[in-house]
Every structure is written in structure tokens, then in C-alpha cells.
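Engineer: A single structure is presented below for examination.
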Amino acid sequence: MKIGVIADDFTGASDIALTLALGGMSTVQYVGVPSGQAGTAGDVDAGVVALKSRTIPARDAVNQSLAACDWLVSQGAQQIIFKVCSTFDSTAEGNIGPVAHALAQRMGETAVLVCPAFPENGRSVYQGHLFVDDVLLNESGMQDHPLTPMVDADLRRVLAAQTERPVGHIDIRTVEQGPAAIAAALPSQMAMIIVDAIRDADLIAIAKAAKTRKVLVGGSGIAIGLPANFGHSATAPAWTGQSGKGVILSGSCSRATRAQVQAYTGPKREIDAASVMEGRIDADTLAAWAMSTPGAPLIYSSADPDVVRAAQDTYGRETVAHRIEALFTDLTARLADLGVKRLVVAGGETSGAAVAGLNATALRIGPKLAAGVPAMRVEGRDIAIALKSGNFGGPDFFAESLSLMDTTQ
């Protein structure tokens, strides 16, 4: 293993795993910290450990991330990337700052480059501020996120609230001068450095400048140029199509996912919070409906923000989130038992729940379905799966992804 990644959620893990795979690296996504070896010798160039640490207490996130770091290093990883969301999802307490600081200490790193830019999906960093398409982060809809509302686009302020390390900034003018200029701008003392990037070329320059860095923090875009540092070149991952029953599960409440739910023309069934909390719906009923319904049914809890807030006010935010995730976990397990072959899952928390329901330990990365979303095969099971961040994909993502998963490339 050459590169080790620690991702704070499951969709983010598959996002960066795809970037590394497209860069020519044999890539495997692990569910939690593995206990054994990462495949056979030379079988895995990049290992991505998917945690569910974005919204847990900071101390727990740090401990889990350090355990993942230790395992990746034991497998030979020379560079550790802490993969965070391209919308920098976090709270004033973390967990980006505390985890990044702990990983830097563990690896003996001083200045840590931080860049969540992902131009292909409209995420750019300019003058230290994060933009989603042509609007600031806090005007993009992320200010309404039910768990990690992002109300400030200035990443310097966001990160400074989470870490005792000084927070610096490398602006786009320096980035455009190339890798040597970026490297020269890095301080020798301990610091977190927000780096501007608005194009893929900027991310490639950042990757070249980071060739000898031990720890990086960012979205999947930060990995665009990293495989070349280890002698790999771009290639398409091998894939054998998976036919059979397809089902779509969606728990994301993002604008993009809600539009995808609305655009989907196949059979669909909504899960509302009241029905879940009052026990009027269960996994067995939903699974039986999905498997007996022709076509690829969609089961979703992707409600408007006002509806979500009302449910949270009635039943409690954490309680609602836990019960809906538990339902998706049980539902995925039932679907697998009944013979589902293709799963498309939208939303980070929902993806974690689905992977838990499959009892998956590793996912082999396949071809690109959309920017930031690969097809993946569950190792040890005849099931293909796609885990989509809430904000990713076009209007017809669900139907298009199921079709592509059934195609041999």
C-alpha cells in the first residue's frame, strides 16, 4: 500500500476511492478499521478506511481515526489523507480540526495542507472561502443541513474554531505559480493551511507540492494528482456488470437528492418520520414491497428542511436520525437476504446504515457512475452498490446508475 485514506463517512470514502482508482491505483474501501492484511502483496495500492465519524463526539472521532492511521501505516502507507466532505461539513467543535491535528501529531507532520475543492462537482476555494457552484457555502443550502449546518464560507474561521494550531492561507496567485511556489509558502512550524483551488490544474499542482507531506486534508479532489507521485497513470477500473434486482434507498435531504427523488419515474415509497417513530412501518414490509414491485423501486426519507425540523422538534434530532438509520440498516439486510443484486444509496448516514446492513467489510472500486460516485462490488457477496453523497449526481442519477452497474466495461 502506498496511500492510506481515512474518510469521515461512507460516501466520502467511495468518492476519493474513485479518484485514486481513476488515477491507476488498485483501490479498496474498507468498512471500519480492518484487523487483518490489506489483500495479497501488491494487490492494494490505495486503502480507504471508511469511518462514520463526522458527527460523533470529537474524542471518539480522533480515537477511531488514529486507529485507522496506525493500520494503514502498518500496511505500508507512506501518506495519509484525511478525507472530509467537499462542503467541509462540521461543527464548531469539529471533527475536522481535532482529527487533522491528531493525525499530524501521530505522523510527525508540521504544516498540513487543507483543501476541500472539487471543481467537477462545483466546489472551489477562493480567497479562503468555499463556493458551491457560484454561491458561497452558507448560501448553497448547506446552511439547512440537519446535522452539520454550514453558516460560514470562510474556511479559515471555520477551522480556527476547531484547532489550536494557527490557520494560514495560500492564495490562488501562489497556487497558479506551481508546485514549487506552493511548497515554498508552507511554514516550517505547526499550522493548518487552507489552499485555494478553482480548477483541476490547481489540485494537480497542490498534489505535486505535497509529494513529501505525510498528512493532507481535503475532499476527493485533493487526490487527483497523488497517484502520479507514486508512478501511476490514469486508467479505467475493471468491471464486470451486475444484473438482477435493483433497489434505491435515499435518506439525504439535500437539494440535489430531493430533485433526483422527484425526477425518478419508477415506483417509489416515502418513509416519513412519524411513521417510523410511531412504529407504523417496518423493514420487513418495505423489503417485501420492494422485491415484489416490478422495476427498481425507490424508498426514501428525503424530506424538505422544514419537514425535517418539525420532526426533530417533535421527537428529538438524534432520536429521529438514529431510528431512521436503524430502519435503513434492517431494510438493507432484508433486501440482501431476499436476493437484491444492485443497490443505489443516497446520503452519507444512509450509506453507512446500508453498508452495516450488508455486513460488508470491504468494497472493490469499479467504474465512475457520476462525479464522485463509483460502482463498487461488495467483496464476498454477489452485490453491486453505489454510495452517493447527497449533493452529487444529475437529475436522472438513480436510473442512470442502475443501468451502468449492469454494464460490463
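Rule-based calculations on the coordinates, nothing more; no lab input. These numbers come from a predicted model, not from an experiment. With ideal geometry, Cβ positions are generated from the backbone for all residues, glycine too; neighbour counts draw on all protein chains shown.
Engineer: Ordered by residue, what ³J(HN,Hα) values in Hz, to whole numbers, does region 177-193 give under the Karplus form 6.51 cos²θ - 1.76 cosθ + 1.60, where θ = phi - 60° and Gly and Pro are x?
Structural biologist: Listing the rounded values in order: 7, x, x, 4, 5, 5, 4, 5, 7, 6, x, 7, 8, 5, 6, 9, 10 Hz.
Engineer: Turning to a different aspect of this structure: Say we join alpha carbon atoms closer than 10 Å with springs in a Gaussian network model of the chain; which of V48, V31, V320 then has the biggest fluctuation?
Structural biologist: Among V48, V31, V320, the largest mean-square fluctuation in the Gaussian network model of the chain belongs to V320.
Engineer: A further question on this structure: Any idea how far the Cα center of region 65-107 sits from the one of region 230-307, in Å?
Structural biologist: Their Cα centres are 30 Å away from one another.
Engineer: While we're on this one: Given contacts defined as C-alpha pairs under 8 Å and at least six residues apart, what's the relative contact order of region 3-229, whole-number percent?
Structural biologist: Contact order relative to length: 24 percent.
Engineer: Cut-off is 10 Å between beta-carbons; in what order do Y264, Y126 appear when sorted fewest neighbours first?
Structural biologist: Placing the least packed residue first, the sequence is Y126, Y264.
Engineer: Here's a follow-up. Could you pull out every residue, at least 5 positions away or on a different chain, whose amide H is within less than 5 Å of the one on G168? Hs are placed 1.01 Å off N in the peptide plane, and Pro or chain starts have none.
Structural biologist: Residues meeting the criterion, in which the H sits 1.01 Å from N, are M192, I193, I194.
Engineer: For the chain, with the dipole built from +1 on Lys and Arg beta-carbon atoms and -1 on Asp and Glu ones, taken about the Cα centre, which of L103, A236, A61 lies farthest toward the positive end?
Structural biologist: My answer, from the dipole projection, is A236.
Engineer: I want the antiparallel fraction of DSSP beta bridges within region 246-405, as a percent rounded to 5.
Structural biologist: Beta bridges within region 246-405, antiparallel portion: roughly 30 percent.
Engineer: Could you work out the relative contact order of region 78-179? I mean the mean sequence separation of Cα pairs under 8 Å and 6+ apart, divided by the number of residues, in percent.
Structural biologist: 28 percent
Engineer: Take A180 and R323, extend 7 Å from each Cα along the Cα→Cβ direction, and tell me the distance between the two endpoints in nm.
Structural biologist: 6.3 nm
Engineer: I've got another one for you. Please give the peptides 177-187, 364-374 ranked by average Cβ packing (other Cβ atoms within 10 Å per residue), highest first, as a rough proxy for protection.
Structural biologist: 364-374, 177-187
Engineer: Tabulate in residue order the Karplus-calculated ³J(HN,Hα) for region 59-70, using 6.51 cos²θ - 1.76 cosθ + 1.60 with θ = phi - 60°, rounded to whole Hz; enter x for Gly and Pro.
Structural biologist: 4, 5, 4, 5, 4, 5, 5, 5, 5, 5, 4, 4
Engineer: Turning to a different aspect of this structure: Would you mind working out the magnitude of the charge dipole of the chain relative to its Cα centre, with +1 at each Lys and Arg C-beta and -1 at each Asp and Glu C-beta, to the nearest 20 Debye?
Structural biologist: My answer is approximately 820 debye.
Engineer: Also: Suppose each label sits 7 Å from its Cα in the direction of the beta carbon; what would the R157-R309 distance come out to in nanometres?
Structural biologist: 2.0 nm
Engineer: Can you sort R255, R280, R381 from fewest to most other Cβ atoms within 10 Å of each residue's own Cβ?
Structural biologist: R280, R381, R255
Engineer: Less than 20 Å from a label point 7 Å out along the Cα-to-Cβ axis of Q143: which backbone N atoms in region 55-97 qualify, by residue?
Structural biologist: Once the point is set 7 Å along Cα→Cβ of Q143, 86-93 turn out to lie under 20 Å by backbone N, inside region 55-97.
Engineer: Charges on Cβ only, +1 for Lys and Arg, -1 for Asp and Glu, centred on the Cα centroid of region 301-409; of V345, A321, N359, which one is farthest towards the dipole's positive end?
Structural biologist: The residue sitting farthest along the positive end of the dipole is N359.
Engineer: Treating the beta-carbon of each Lys and Arg as +1 and of each Asp and Glu as -1, no other charges, what is the dipole magnitude of region 3-229 about its Cα centre, to the nearest 20 debye?
Structural biologist: So the magnitude is around 660 debye.
Engineer: Nearest 5 is fine: what % of DSSP beta bridges in the chain come out antiparallel, could you say?
Structural biologist: Around 30 percent antiparallel, to the nearest 5.
Engineer: Shifting gears a bit: What ³J(HN,Hα) values, in whole Hz, does the Karplus curve 6.51 cos²θ - 1.76 cosθ + 1.60 give for region 309-326 when θ = phi - 60°, with x put for Gly and Pro?
Structural biologist: 4, 4, 5, 4, 5, 6, 10, x, 4, 5, 5, 4, 4, 5, 5, 5, 4, 4
Engineer: Would you pull out the residues with amide H under 5 Å of V215's amide H, same chain only if 5 or more places away, H placed 1.01 Å from N?
Structural biologist: Those lying under 5 Å, H to H, from V215 are I80.
Engineer: Under the definition of Cα pairs under 8 Å and six or more residues apart, what whole-number percent is the relative contact order of the chain?
Structural biologist: So the answer I get is 20 percent.
Engineer: Could you tell me what percent of the DSSP beta bridges with both partners in region 3-229 are antiparallel, to the nearest 5?
Structural biologist: 25 percent
Engineer: Whose amide H sits under 5 Å from the amide H of L369, counting only residues 5 or more places off or on another chain, with H placed in the peptide plane?
Structural biologist: Correct list: A375.
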